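Have a look at the structure below before the remarks.
The values are calculated or read from the model by the stated rules, or taken from the named source; none is laboratory data. All values reported here derive from a predicted model rather than from experimental measurement. Heads up, the Cβs are rebuilt from the backbone with ideal geometry, glycines too, and the neighbour counts pull from every protein chain shown. Ligands, DNA and RNA are stripped out before the accessible areas are found, and what is left, the full protein with its side chains, is counted by its heavy atoms. Shrake-Rupley method; radii C 1.70, N 1.55, O 1.52, S 1.80 Å.
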Amino acid sequence: MWETSPVNRTWIVIPMYNEGTVVADVIRGLLPVFPYVVCVDDGSSDKSAQIAREAGAVVVQHPINLGQGAALQTGIEYALQDPELGCIVTFDADGQHKVSDAFEMASRVLSDEADIVLGSRFLDDRTKLSPMKRIVLKTAALQSKLSTGLDLTDAHNGLRAFNPYVARNINLTQNRMAHASELVNRLATMKPRYVEHPVEIIYTDYSKAKGQSLLNSVNILAELFLR
């Protein structure tokens with residue numbers, strides 16, 4: 001069922017910062033479906049880069065920590081060097097994204113249904129969110145709609161699939177969490193064909209400790225309204 005064509009192939013881009021305890025399992029889960037995985041080690045102080053290479057990923061390293069937005073941009077630029085590139089999927093290193101969701105999203109891009117497919121936690125009921133976190137994320141989506149005109153249900157979801165046209169025109173310059181808002185702003189200007197796709201985000205104790213807490217959601221809102 002899950003087959004990856006040798007042409008029009010998909011690259012998985014994983015930003016990575018001190019994810020040595022979990023990233024190998026993430027990579028091993030991806031490789032049977034997506035043979036092309038690039039991890040961007042964003043100045044980790046642990047052995048994330050070595051572990052990711054040993055698990056089978058290509059690793060590109062930042063000598064210092066520049067932030068998730070910068071890591072994503074580096075990974076996108078790496079994937080764009082592939083002349084047979086058909087799709088890029090951005091995927092988190094902490095285990096909160098599902099390979100099956102990524103596969104379905106990449107398939108929609110490769111079938112030319114859309115230029116970019118954006119994951120959403122709010123199109124089905126699989127993702128378990130606290131009431132307060134749901135409010136914060138809904139508020140972020142509303143702010144994004146008001147500022148860009150794009151009617152998205154989940155403006156800060158890190159699981160995305162897009163074609164080379166979108167990849168060449170994203171050009172993220174916001175290094176940290178504000179890159180998600182910047183990407184939506186780029187889409188509003190670019191006007192690609194876009195759809196949202198239901199995805200499940202799996203919140204573990206590890207992912208919460210790494211920055212998926214309610215406080216982090218509040219920080220996202222602060223960046224949105226104060227930038």
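Could you list, in sequence order, all residues of segment 102-113 that are touching a His at 6+ places or on another chain (Cβ under 9 Å) and surrounded by fewer than 24 Cβ atoms within 10 Å (Cβ to Cβ)?
Going through segment 102-113, the residues touching a His at 6+ places or on another chain (Cβ under 9 Å) turn out to be 104-105, 108.
Listed by number, the residues that qualify are E104, R108.
Quick one: would you say V99 is out of contact with any His (no Cβ under 6 Å at 6 or more places or on another chain) and either open to solvent by 10 Å² or more (accessible area, probe 1.4 Å) or at pLDDT below 95 (or both)?
Working: out of contact with any His (no Cβ under 6 Å at 6 or more places or on another chain): yes; either open to solvent by 10 Å² or more (accessible area, probe 1.4 Å) or at pLDDT below 95 (or both): yes.
Taking the combined requirement at face value, the residue satisfies it.
Restricted to segment 15-47, and to residues there that are open to solvent by less than 20 Å² (accessible area, probe 1.4 Å), in a helix (DSSP H, G or I) and without any contact (Cβ under 8 Å) to a residue 40 or more places away in the chain, the residue that is farthest from G86 (Cα to Cα) is A24. Tallying residues that are in contact with a Lys or Arg (Cβ under 9 Å, 6 or more places away or on another chain) and at pLDDT 95 or above within segment 174-199 yields 4. Taking every residue in segment 152-163 that is within 7 Å of I116 (Cα to Cα) and pairing it with any residue that is in a loop (DSSP other than H, G, I, E, B) and open to solvent by 10 Å² or more (accessible area, probe 1.4 Å), at least 6 positions away or on another chain, the pairs with Cβ-Cβ distances below 9 Å are F162/D115; F162/P192; N163/D112; N163/D115; N163/P192. Take segment 79-94 and flag every residue that is in a loop (DSSP other than H, G, I, E, B), crowded, with 18+ Cβ neighbours inside 10 Å and in contact with a helix residue (DSSP H, G or I) (Cβ under 7 Å, 6 or more places away or on another chain). Matches in segment 79-94: F91, A93, D94. If you check V33, V99, V40 for being touching a strand residue (DSSP E or B) at 6+ places or on another chain (Cβ under 6 Å) and aliphatic (A, V, I, L, M), only one passes: V40. Among the residues of segment 48-67, just one is more than 18 Å from the chain's Cα centre (by Cα), closer than 22 Å to S100 by Cα and in a loop (DSSP other than H, G, I, E, B), namely G56.
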